[in-house]
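First up is the structure itself, then whatever we jot down about it.
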Amino acid sequence: MSIFNTSETDIATFFLIGIPGLESANIWVSIPICLMYIVAIVGNCTILFFIKMEPSLHEPMYYFLSMLAVSDLGLSFSSLPTMLRIFLFNAPGISPNACIAQEFFIHGFSAMESSVLLIMSFDRFIAICNPLRYTSILTSTRVIKIGLVFSLKNVLLILPFPFTLKHLRYCKKNLLSHSYCLHQDVMKLACSDNKINVIYGLFVALTGILDITCIFMSYMLILKAVLGIASQNERLKVLNTCVSHIIAVLIFYVPIISLSVIYRFAKYSSPMVKILMADVFLLVPPLMNPVIYCVKNQQIRNLILMKLCQKY
């Protein structure tokens, strides 16, 4: 009997998908995926360790960087179980409850990462446009409060997802479109009315659009301030402090926007493209953010090199 159930019986198991056409090579595909997870987890843990242990890094910018590392770790650990089950153990099945729990954590940490990137853009804006008041505006206490407020906002924003999905009935389809569970993917399997999920999902998507709009506006103001600097060397020096954050923003938002465009305007494109783009969204930002900040940030780079030199 096919796993693609078409009866009216409630579905007991959802099935995730790996890479179409490469099922026989799952064990080989699992090798680079495992390496990416290892590098992402070790890299973000390294950043958190140095920020915690080094007093010179107890500054607003590094507190925000630690929040970004936490959200990256959350994304990695949220998707890790199903990705390894599919590619390492060839076990695509997942219970509806586990799937709904996974989508809550994936969307929650994605929203958190979006919020942290927004906060970091404001941090750069204050540092460049109002440097004399930077330390008085972004005190340690205020930074902690900002982090807690945005974390609470994201939890409350994503919290309705599992409850609305739980109330749907799944009886005809059980094949998901990716290697992990997403809200929009799960709700499409429902055979009961899912208008509430569609409307609320659109609302959550709009909050993400608001985040990237605010990031864009902050950089327009930063660019305006930088163009007012007379010396070209000073302009480049100031802009260089934003490079790491700009790259982090592009790495996070480009896959999301590309995937949305593909689903909206290229509905008949290859499933391979959609799946790979979705995997890039979860695998690449946690992998690349530690690398970017370790390479571009001199203080973190010097601390890591110093520790390595001490060992050898």
Burial ranking of peptide ranges 129-137, 170-178 (average Cβ count within 10 Å, highest at the top)
170-178, 129-137
Part-to-part distance (alpha-carbon centres) for region 80-145 and region 213-231, which is given in Å:
25 Å
In whole percent, the fraction of accessible protein surface over the chain that belongs to carbon or sulfur atoms, probe radius 1.4 Å, stands at 72 percent
If the convex hull is drawn through the Cα atoms of the chain, its volume per residue in Å³
156 Å³
For Lys172 and His58, what does the FRET efficiency come to when R0 = 51 Å and r is the distance between their Cβ atoms, rounded to the nearest 0.05?
0.40
Report, to the nearest 10°, how far helix 243-265 tilts away from the longest principal axis of the Cα atoms in the chain, using its own Cα long axis and a range of 0 to 90°.
30 degrees
Farthest towards the positive end of the dipole of region 103-153, among Leu152, Phe122, Thr135 and with Cβ unit charges of +1 on Lys and Arg and -1 on Asp and Glu, lies the Cα of Thr135
On a 18 Å Cα-Cα criterion, which of the cross-link pairs Lys237/Lys296; Lys52/Lys307; Lys237/Lys307; Lys188/Lys274; Lys153/Lys195 come out too long?
Lys237/Lys307; Lys153/Lys195
Taking Cα pairs closer than 8 Å and at least 6 residues apart, the relative contact order of region 160-312 in percent is 18 percent
Env charge @ Leu287, Cβ radius under 15 Å, K,R +1 / D,E -1, value -3
Output the relative contact order of the chain, whole-number percent, from Cα pairs under 8 angstrom with separation of 6+ residues.
28 percent
As an exercise, find the ratio Rg/Rh for region 1-145 from alpha-carbon atoms, using the Kirkwood inverse-distance average for Rh.
1.14
222 nm [θ] for the chain, helices only, -39500 (n - 2.57) per DSSP H run of 4+, per residue, to 500?
-25000 deg cm²/dmol
Candidates Leu259, Leu117, Leu202, ranked by Gaussian network fluctuation over the chain, Cα under 10 Å, top entry
Leu202
Hey, what's the chain come to in accessible area per residue, 1.4 Å probe, Å²?
53 Å²
Might you report the magnitude of the Cβ-based charge dipole of the chain about its Cα centre, with Lys and Arg at +1 and Asp and Glu at -1, to the nearest 20 debye?
480 debye
Taking the 0 to 90 degree range and rounding to the nearest ten, how far is the long axis of helix 26-53 tilted relative to the main principal axis of the chain, both from C-alpha atoms?
30 degrees
Point-to-point label distance, Leu221-Leu156, nm (Cα→Cβ direction, 7 Å offset)
2.4 nm
Treating the angle as unsigned and between 0 and 90°, give the value, to the nearest 10°, between the Cα long axis of helix 140-158 and the longest Cα principal axis of the chain.
20 degrees
For region 60-70, in order, what is each residue's ³J(HN,Hα) by Karplus, 6.51 cos²θ - 1.76 cosθ + 1.60 with θ = phi - 60°, in whole Hz (x at glycine and Pro)?
x, 4, 7, 4, 5, 5, 5, 5, 5, 5, 5
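The values are calculated or read from the model by the stated rules, or taken from the named source; none is laboratory data. Computed from a predicted structure; not experimentally measured. Virtual Cβ from ideal backbone geometry, glycine too; neighbours counted across all protein chains shown. Note: accessible area is taken over every heavy atom of the protein model, side chains too, but ligands, DNA and RNA are not part of it. Shrake-Rupley method; radii C 1.70, N 1.55, O 1.52, S 1.80 Å.
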